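Peer 1: If you scroll down you'll find the structure; I have some questions about it.
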Amino acid sequence: MIPLNHYLILSAILFAIGTTGVFLRRNLITMLLSVEIMLNAVNLTFVAVGRYLGTVDGQIITFFVMTVAAAEAAVGLALVISLFRHRETLNPDAFSSLKW
Amino acid sequence: MDASAIAFYIFAAITVVASLGVVGQRNPMYSVMLLITSFGALAGLYVLLDAPFTAVTQIIIYAGAIMVLFLFVVMLLNVPREEPAPSGVLAALGPRGMQAATVLSLVLGLEIVWALSKVNRGWFAQDAAATSVSSVTLIGTTLFTRHAFAFEATSILILVAMVGAVVIARRER
């Protein structure tokens, strides 16, 4: 059986990749995709720890995270469409009218 | 090395490479496709963790519903690629802020890997020999008894998100 640490390190790598994406990419859709990678890294941690504790709670929290991710994707993409309609670009640097 | 270890490393490699592709890819369409690949490999990892229910929901909800939503928006907006970055690895990182972000996220990654690799296996009393809990019946019973309130709250959240998405994306006249 694979040691728990392997799963934790894998999810740490995935989380760091997601963070890098949010920091580096200048495209709203790719940034949202990077957030999904981070959510999945956390899901993997929950399931792995739940498995090694012998409880079902990890999978249930994962279920809730998926639901929240679906809601987040729906609202986030609606915002993206609405922003694109106003500025004709997906570059987050273009949406700065609230800055001063 | 037994079969499950080999499967773990294969799935882990697919997930990491596909996720790197998502971040490195300039065309959002390819990014979404690579992310679906990554989610498929993650579902394989869930199967290895004796969590077939989570694996199936991963495929149906994530790869099936959420990613199709993303794909739909990518096609709807029809922006094939973001503005090209200047060539060269360092130049591609753009202004100094981007370089700082790269360094910071690398440091963050090393930090989490270091912290998680120190997790003491003694904390998990039943390690390796833990009884496998893959029963969907057990998940359902726990979900609708101990977590019933959270479940109902989730349904309200979904309703609010749905109404919000329709209102936000509607074209005002």
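Conditions tested, residue by residue: (1) out of contact with any Gly (no Cβ under 6 Å at 6 or more places or on another chain); (2) farther than 22 Å from B:GLY164 by Cα; (3) crowded, with 19+ Cβ neighbours inside 10 Å.
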{"residue": "A:ILE2", "(1), (2), (3)": "yes, yes, yes"}
{"residue": "A:HIS6", "(1), (2), (3)": "yes, yes, no"}
{"residue": "A:ARG25", "(1), (2), (3)": "yes, yes, yes"}
{"residue": "A:ASN43", "(1), (2), (3)": "yes, yes, yes"}
{"residue": "A:GLU72", "(1), (2), (3)": "yes, no, no"}
{"residue": "A:ALA78", "(1), (2), (3)": "yes, no, yes"}
{"residue": "A:ARG87", "(1), (2), (3)": "yes, no, no"}
{"residue": "A:LEU98", "(1), (2), (3)": "yes, no, no"}
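Peer 1: Run down B:MET67, B:MET75 and say which single residue is more than 9 Å from chain A (Cβ to nearest Cβ) and within 21 Å of A:MET31 (Cα to Cα).
Peer 2: B:MET75
Peer 1: Among the residues of region B:26-39, count how many are facing another protein chain (nearest Cβ under 8 Å) and either not hydrophobic (A, V, I, L, M, F, W, C) or not in a helix (DSSP H, G or I) (or both).
Peer 2: Total meeting the criteria: 3.
Peer 1: Identify, by number, the condition in (1) surrounded by fewer than 12 Cβ atoms within 10 Å (Cβ to Cβ); (2) at pLDDT below 85; (3) farther than 19 Å from A:PHE15 by Cα that B:ASP127 doesn't meet.
Peer 2: (1)
Peer 1: Test A:ILE37 against the stated conditions and say whether it is surrounded by fewer than 23 Cβ atoms within 10 Å (Cβ to Cβ), facing chain B (nearest Cβ under 7 Å) and touching a helix residue (DSSP H, G or I) at 6+ places or on another chain (Cβ under 7 Å).
Peer 2: So A:ILE37 fails the test.
Peer 1: Would you be able to say whether some residue in region A:83-95 is among the hydroxyl-bearing types (Ser, Thr, Tyr), assigned to a loop (DSSP other than H, G, I, E, B) and out of contact with any Lys or Arg (no Cβ under 8 Å at 6 or more places or on another chain)?
Peer 2: yes
Peer 1: Select from region A:8-23 the residues that are hydrophobic (A, V, I, L, M, F, W, C) and closer than 12 Å to B:VAL16 by Cβ and write down the one among them that is surrounded by the most Cβ atoms within 10 Å (Cβ to Cβ).
Peer 2: Top of the filtered list is A:LEU14.
Peer 1: Do we find a residue being in a loop (DSSP other than H, G, I, E, B) and within 24 Å of B:ILE61 (Cβ to Cβ) anywhere in region A:53-61?
Peer 2: yes
Peer 1: Separate question: Provide a single number: the residues in region B:40-70 that are assigned to a helix (DSSP H, G or I) and either of a type in the set (Phe, Trp, Tyr) or free of Cβ contacts under 8 Å to residues at least 12 places away in the same chain (or both).
Peer 2: The number of residues fulfilling the criteria is 14.
Peer 1: On the basis of being part of a helix (DSSP H, G or I), in contact with an Asp or Glu (Cβ under 6 Å, 6 or more places away or on another chain) and crowded, with 17+ Cβ neighbours inside 10 Å, does A:GLY50 make the cut?
Peer 2: For A:GLY50, the condition - part of a helix (DSSP H, G or I), in contact with an Asp or Glu (Cβ under 6 Å, 6 or more places away or on another chain) and crowded, with 17+ Cβ neighbours inside 10 Å - is met.
The values are calculated or read from the model by the stated rules, or taken from the named source; none is laboratory data. For clarity, every value in this text was computed on a predicted model and none was experimentally measured. Positions of Cβ are backbone-derived with ideal geometry, glycine not excepted, and every protein chain shown enters the neighbour counts.
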